[in-house]
1. Given Gly451, Gly429, which one is exposed (fewer than 14 other Cβ atoms within 10 Å of the Cβ), touching a helix residue (DSSP H, G or I) at 6+ places or on another chain (Cβ under 8 Å), in contact (Cβ under 8 Å) with a residue 60 or more places away in the chain and not in a strand (DSSP E or B)?
2. Any residue in the range 96-112 that's over 19 Å from Arg454 (Cα atoms) and among the aliphatic types (A, V, I, L, M): show its pairings with residues that are buried (at least 21 other Cβ atoms within 10 Å of the Cβ) and modelled with pLDDT of 90 or more at Cβ separation under 7 Å, as long as the two are six or more apart or on different chains.
3. Does Met483 count as at pLDDT 90 or above and under 20 Å from Leu271 (Cβ atoms)?
4. Given (1) in contact (Cβ under 8 Å) with a residue 40 or more places away in the chain; (2) touching a Leu at 6+ places or on another chain (Cβ under 7 Å), where does Ala213 come up short, assuming only one miss?
5. Is there a residue in the range 92-110 that is more than 23 Å from Ile173 (Cα to Cα), of a type outside the set (S, T, N, Q), surrounded by fewer than 17 Cβ atoms within 10 Å (Cβ to Cβ) and in contact with a strand residue (DSSP E or B) (Cβ under 7 Å, 6 or more places away or on another chain)?
6. List the pairs whose first member sits in the range 319-336 and is of a type in the set (Asp, Glu), whose second member is modelled with pLDDT of 95 or more and not in a loop (DSSP other than H, G, I, E, B), and whose Cβ atoms are under 8 Å apart, counting only residues at least 6 apart or on separate chains?
7. Among the residues of the range 25-73 satisfying the criterion of being among the polar types (S, T, N, Q) and not in a loop (DSSP other than H, G, I, E, B), which is nearest to Arg146 (Cα to Cα)?
8. So, in the range 432-448, how many residues would count as being in a loop (DSSP other than H, G, I, E, B), surrounded by fewer than 16 Cβ atoms within 10 Å (Cβ to Cβ) and touching a residue at least 24 places away in the same chain (Cβ under 8 Å)?
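The values are calculated or read from the model by the stated rules, or taken from the named source; none is laboratory data. Computed from a predicted model, the values in this text were never measured in an experiment. Glycine gets a Cβ as well: all are built from the backbone with ideal geometry, and neighbour counts include every protein chain shown.
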Amino acid sequence: PSPILSGMMDRFLYGDFMPFLETTRGCPYACTFCVQGDEWYSTIARFSTDRITEELRYIAERMAKFPDVPLALADSNFGMYPHDVKTAEAIAELQREFDWPRSFIVDTGKSQLQRLIEVAKKLNRRISMSISPQSMNIDTLKTIKRTNLGGSNVREVYEQMKRNGITTNAAIIVPLPEETKESYIAGLRSLAESHVEQPLAYTTMLLKGTALASKESRQRHAMVTRFRMLPRQFGEYLGERVFEFDEVCVATNTMSFEDYIECRGVSFVFLVMSSTQFDFLRPVCRELGVDWFDVLLQFWQAIKVSDGPLGSIYADFIAAETQLFDSVEDMRRFIAADENYARLLSGELGENVMRNFVPKVVVNHFCEAADLMLLLAQTRAEPVAWLGAVSTWSRAVRDIFPMLELQLHSFEPVTFELEYDIEAWYGGGGNRPISDFSRSVRYEATADRQGIERAVAAMNRLYGMDMLRWSSRLLEAKPVCEMWRRCRSVDQSGLDSQDTRQALHKGGPAVFSVSR
């Protein structure tokens, strides 16, 4: 019998929890780092389409009041099988009837590209395709027995998705066998050239029962491991403090611990600058004739030595990355100390490091980060007159931090004037020279107060009142373009910027996995 249809789960369907179900179990692939890479999981099993449809409708009827709470699917390869098309059709019907779900947390398949595209379209492009290569190094992929969507032609997969208005995310893991610092950064460059929208960065986890965690594998690759606490997975029960933990790899015979930390550092910057918040920087760099990834690497080097807010965030990120334990017993002693446990309860410790720090730049210090990237790009090119206009426009439209704090003044209309029509340039995809838009323009930028307040309320219910603890979840669950101020000319008729963004970011995604 279904625990959902029997009513057993009703007490969890009131907005404070995220519905989570599995429609298909098993995986045909043999990735050595994954539990489901074991042969035992190779048999594919699923519930009937009728049962899945009934369960989804039962949930939707109760979640209609909470449209910003995502639907999570535990499938390993959603969208890859013929029956997933039927599931997508059932969900699409619920979206039309109940306006839920608006976003998803799910891992998508590694083959059947056209079927994946069909599923994404049926879900109104609210689903992002996880084309996760894990590594771009051929020797590494052979060693971990990884099969990727599109094989070696990952870029073509991204381009097909983009042509169909579907967003993509790509997970990479470090340090994997045979990976070096140089090959890893080269892999990031390759992903950058593919224009993947949502990169994710993981530390190699040695999961019990996987081939990668075997004694033979550890010895062959000279793996150095440490232990870390799982984010927010701790508590005090019957007077005893308990916790969940991971064993992670931090060095191999091809990558030192120091190189691993460097790779995590550049991954942090890559994740920040790949956010849709900063998407205007790519066409800016293209127009200046400079390489976006080269500017990103220069940004990385700059904040490593900066004593400003960006430098402080980066230094704190690196310090958090190195807070690992040599043994489980060391963790047990750590959590036993009252002062440490208090820091865990407050959220100062025990959070996902990437999830904790990326929003500090993307949300809290967007203006400083955008201006530094613009400055560094300018230093690599001939001077131009329009760069200041880009900066002013981005600050007016994309500084969402005050709005997420629900500062009342931030919802007031903002009026500003520029000598270049940057909104029209961006609305056209940044494909024409900015010089073509050299004209005086007066803008009015307004915020979607109701939508933002509703989204913040949903995050407060799910994750608490501390914005630091939920801002990354919001960026995963709600397209950030829906939180930008809508910018339109008040002197002349033209395409409303919200319409433009919906054309450029059809639907928008949820990120399916959390970078760790």
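1. Gly429
2. Ile105/Pro70; Val106/Leu73; Val106/Asp75; Val106/Phe78
3. Taking the combined requirement at face value, the residue satisfies it.
4. (1)
5. no
6. Listed pairs, sorted by first residue: Glu321/Ile261; Glu321/Arg264; Glu321/Gly265; Asp326/Arg226; Asp326/Phe227; Asp330/Phe227.
7. Gln36
8. Residues flagged as in a loop (DSSP other than H, G, I, E, B), surrounded by fewer than 16 Cβ atoms within 10 Å (Cβ to Cβ) and touching a residue at least 24 places away in the same chain (Cβ under 8 Å) within the range 432-448 amount to 1.
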